[in-house]
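Report on one structure; see the data block that follows.
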Amino acid sequence: MRNMKELPARYAYAIAITGGAALWLVTRAVSGRHEAWDAPLYWSAAYPLAIGLSAALGYLAPTHPWRWALAVMLVQAVVLAATAAGFGLLPLGLILFAILALPPIAAAVALARLRLRRHARK
């Protein structure tokens, strides 16, 4: 990737972690639900924004783009655990977050490949 300015990994991680946590916390606060994914707003706005954030980070930092999507989604599991009243369903929640990470991973990889193809043509 010569001559291609790439967002440094530490910034990409910071954006992914901050963005993922903010999406969960803001959705939770706005909806009044204890768990953000219990609110329709999570599925209509927060989750699509998580996919978009992952895709943008994949484009800006195309080296191993899957990690940005995992950071965006799995930090939400951390926030859920930190704000949970109990941990009985946490293993199921972790599995669900891992499954929910698949579309953001696909978006991040797709945009990373797009950028790398564009750069290869130059």
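The values are calculated or read from the model by the stated rules, or taken from the named source; none is laboratory data. Bear in mind the structure is a predicted one, so any value in this text is a computation, not a measurement. Please note: Cβ atoms are built from the backbone with ideal geometry, for glycine as well, and neighbour counts cover all protein chains shown. Just so you know, the surface numbers come from the protein's heavy atoms only, side chains and all, with ligands and any DNA or RNA stripped out. Shrake-Rupley method; radii C 1.70, N 1.55, O 1.52, S 1.80 Å.
What the Kirkwood sum gives for region 35-101 is a hydrodynamic radius of 12.6 Å, with every pair of different alpha carbons counted. Rounded to the nearest 500, the 222 nm mean residue ellipticity of the chain from helices alone is -23500 deg cm²/dmol, with -39,500 (n - 2.57) taken per DSSP H run of at least 4 residues. Projecting label points 7 angstrom from Cα along Cα→Cβ for I99 and R113 puts them 2.5 nm apart. For the chain, modelled as a GNM whose springs connect Cα atoms under 10 angstrom apart, the maximal fluctuation among A110, A16, A84 occurs at A84. Once the mean of 1/r is taken over each pair of separate Cα atoms and inverted, region 1-62 shows a Kirkwood hydrodynamic radius of 12.6 Å.
Based on protein heavy atoms only, region 1-104 ends up with 54 Å² per residue of surface accessible to a 1.4 Å probe.
Spread over its residues, the convex hull of the C-alpha atoms of the chain is 89 Å³ per residue.
Element breakdown for region 1-80 at a 1.4 angstrom probe: carbon and sulfur atoms account for 67% of the accessible area.
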